[in-house]
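FYI, it's all coordinate maths here, none of it is from the lab. Here the structure is a predicted model, which means the values were calculated and not measured. Positions of Cβ are generated from backbone atoms using ideal geometry, with glycine treated the same way; all protein chains shown enter the neighbour counts.
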Amino acid sequence: MTKDWSIDLEHGDYEHNISLVIEEGLNAIEETERGCYVNLVTPANFGNPSHYLAEAINLKYESSVSYRFIDQCGCGGYVFRVWKK
């Protein structure tokens with residue numbers, strides 16, 4: 001994406017498959033252009049994505065991205081923002 005965007009990873013198959021959330025989250029980061037960010041909206045039942053997404057992101061992207069936990073959505077999911085440097 002050539003602009004900031006969000007991807008919904010909180011419903012359907014994502015709700016019960018943390019591996020799928022991580023995989024699709026990494027794919028979304030890959031699709032994001034440098035200088036832009038993607039909001040990864042993750043399922044409530046896995047808790048704060050800082051606890052499981054940060055490690056996967058660090059392993060794949062090292063210092064080429066930065067990220068921040070934003071907040072829990074009104075719907076229960078969580079927003080994790082990743083900027084591509």
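Test of understanding: extend the Cα→C-beta vector of residue 2 to 7 Å, then name every residue of the range 54-84 with backbone N under 18 Å from that spot. Residues 84 qualify, since their backbone N sits under 18 Å from the label point.
So if I place +1 on the C-beta of Lys and Arg and -1 on the C-beta of Asp and Glu, and nothing else carries charge, what would the dipole magnitude of the chain be about its Cα centre? I want it in debye, nearest 20.
Values: 7 positive and 13 negative charges, 88 e Å.
Here the size comes out at about 420 debye.
Applied to the range 55-72, the Karplus parametrisation 6.51 cos²θ - 1.76 cosθ + 1.60 on θ = phi - 60° returns per-residue 3J(HN,Hα) values of 4, 5, 5, 4, 5, 7, 10, 6, 9, 7, 9, 10, 8, 7, 6, 8, 4, 8 Hz, with x for Gly and Pro.
Mind checking the full-extension length gain between residue 81 and residue 39? Use 0.36 nm per residue of separation minus the Cα-Cα distance, one decimal, nm. Each step should come with its number before you reach the end.
Details: separation 42, 0.36 × 42 = 15.12 nm, distance 0.44 nm.
Additional length available on full extension: 14.7 nm.
3J(HN,Hα) along the range 31-41: 6, 7, 6, 4, x, 10, 10, 10, 8, 9, 9 Hz, from the Karplus curve 6.51 cos²θ - 1.76 cosθ + 1.60 with θ = phi - 60°, whole Hz, x for Gly and Pro.
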